[in-house]
Amino acid sequence: ILLHELGHSVVAQFLGIRVRSIVLYPIGGVANLTNIPRRPSHELAIAIAGPIVNFLLVSILLPAAILLQGGVFSAPFHNLAFANLLLGAFNLLPAFPMDGGRILRAYLTPKMGFVRATIKAADVGKWIALAMGIAGLLLAHLILVIVAFAVYWMGQREKRAAIVSSQF
């Protein structure tokens, strides 16, 4: 998770956006940028950087696990590769404010403007969060319910912030 967030941070800094901090939570992490990138290409680059780091790690860890097949280190390498594959893929869900939701907003911004794109991405994220929450309840998977709540809450918070900022 730290390397995923470092991926976002390195790209943001390369694009001239300062990173205040990286905060790690039990359910993930956040790279706190000084400002939200308003150029869709910048938001896309920053958002996709985290999952790309995960997929690069898979491309290193999986061959290592195969080479060490049967050895004491095979299972940890395999497990880390699988965890990174899941983390990268999960983050690509278009549930704003996750990476996939930010990619969706970057795609929509040229078509409808930043505020309307944020509203649309947050609304898509709300429905995905609802589906995640229901799946978590049905599967008795508490972490998925917590992630669903966090995605819903943070997406709605960013939606309100975008609306408020557009009124000034």
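The values are calculated or read from the model by the stated rules, or taken from the named source; none is laboratory data. Bear in mind the structure is a predicted one, so any value in this text is a computation, not a measurement. No Cβ is skipped: glycine too gets one built from the backbone with ideal geometry, and neighbour counts run over all protein chains shown. These area figures cover heavy atoms from the full protein model, side chains too; ligands, DNA and RNA do not enter into them. Shrake-Rupley method; radii C 1.70, N 1.55, O 1.52, S 1.80 Å.
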Check your understanding: Out of all the residues in region 94-152, which are at pLDDT below 95 and not hydrophobic (A, V, I, L, M, F, W, C)?
Key -> Pro97
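From the list Val23, Val53, Val115, which residue is assigned to a strand (DSSP E or B) and either closer than 26 Å to Tyr152 by Cβ or in contact (Cβ under 8 Å) with a residue 40 or more places away in the chain (or both)?
Val23
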Practice item. Being under 15 Å from Arg157 (Cα atoms) and open to solvent by 50 Å² or more (accessible area, probe 1.4 Å) is the filter here, so list the residues in region 128-137 that pass it. Key: none
Check your understanding: From the list Ile60, Ile22, which one is of a type in the set (A, V, I, L, M), surrounded by 12 or more Cβ atoms within 10 Å (Cβ to Cβ), out of contact with any helix residue (DSSP H, G or I) (no Cβ under 7 Å at 6 or more places or on another chain) and farther than 24 Å from Leu108 by Cβ?
Key -> Ile60
Exercise for review: Kindly indicate whether any position in region 36-53 is under 14 Å from the mean Cα position of the chain (by Cα) and over 23 Å from Thr109 (Cα atoms).
Suggested key: yes
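Would a scan of region 115-124 turn up a residue that is of a type in the set (Ser, Thr, Tyr) and surrounded by fewer than 19 Cβ atoms within 10 Å (Cβ to Cβ)?
no
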Check your understanding: Looking only at region 92-135, which residues are within 19 Å of Ile46 (Cβ to Cβ) and acidic (Asp, Glu)?
Key -> Asp99
Check your understanding: Got at least one residue in region 59-82 being under 13 Å from the mean Cα position of the chain (by Cα) and of a type in the set (Val, Ile, Thr)?
Key -> no
Point to revise | Candidates Phe73, Phe82, Phe90, filtered to the one that is modelled with pLDDT under 95 and among the aromatic types (Phe, Trp, Tyr) | key: Phe73
Review point. When region 65-83 is examined, which residues are found to be open to solvent by 20 Å² or more (accessible area, probe 1.4 Å) and part of a helix (DSSP H, G or I)?
Key: Ile66, Leu67, Ala75, Pro76, Phe77, His78, Asn79, Leu80, Phe82, Ala83
Point to revise | Search result, residues across region 138-166 that are within 18 Å of Glu43 (Cα to Cα), surrounded by 14 or more Cβ atoms within 10 Å (Cβ to Cβ) and more than 16 Å from the chain's Cα centre (by Cα) | key: Lys159, Ala162
